[in-house]
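Single-structure report; data block below.
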Amino acid sequence: MSKTTMGTRLPRKLEAHLQTVGEQIRLARLRRDLSIAQVAERATCSPLTVTRVEKGSPTVAMGIYLRILYALQLEDDILMLAQKDELGRTLQDLSLKHRERASKKASPSKTAVTNH
């Protein structure tokens, strides 16, 4: 018997996301008029692996996805992951302490008026 800790399947939503990513990678390859074999050679992986990435296989290592993005000159796209983080920013804003009143320091415009 094999030991599994989290099961073998991803939640449906994550599977759909991976399939979308795979489709986007496939379309990027086709727009560049590259064959699966050419991308595989540039990414130093097998053509079968490129096919699995284009199908959104969850068993392909993230490093392979990155090498294929690099082969397609899309490596900077990975930097967009979790970039917005709207939930995290909202939680951070809620935890900030809000000042109840303005500072008691006089502003420069008020002191300039009173010195004349």
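Every read-out reported here was derived from the displayed coordinates using simple, explicitly stated rules and does not represent laboratory data. If you're wondering where the values come from, they're calculated on a predicted model, not measured in any experiment. Neighbour counts are summed over all protein chains in view; Cβ atoms, including those assigned to glycine, are modelled from backbone coordinates with ideal geometry.
From Cα pairs below 8 angstrom and at least 6 apart in sequence, can you work out the relative contact order of the stretch 1-90, rounded to a whole percent?
Worked out over the stretch 1-90, it gives 28 percent.
Would you mind computing the Rg to Rh ratio of the stretch 1-83 from its alpha-carbon coordinates, Kirkwood style for Rh?
Rounded to two decimals, Rg over Rh is 1.01.
Sum up the charges of everything whose Cβ sits under 12 Å from the Cβ of residue 56, counting Lys and Arg as +1 and Asp and Glu as -1, but leave residue 56 out.
0
Mind ordering 41-50, 55-64 by average Cβ neighbours within 10 Å, highest first? Could the numbers behind the result be given before it?
Working: 41-50: 16.8, 55-64: 13.5.
Highest to lowest by the protection proxy: 41-50, 55-64.
Between residue 30 and residue 55, what is the label-to-label distance in nm when each label sits 7 Å out along the Cα-to-Cβ direction?
So the label points at residue 30 and residue 55 sit 1.7 nm apart.
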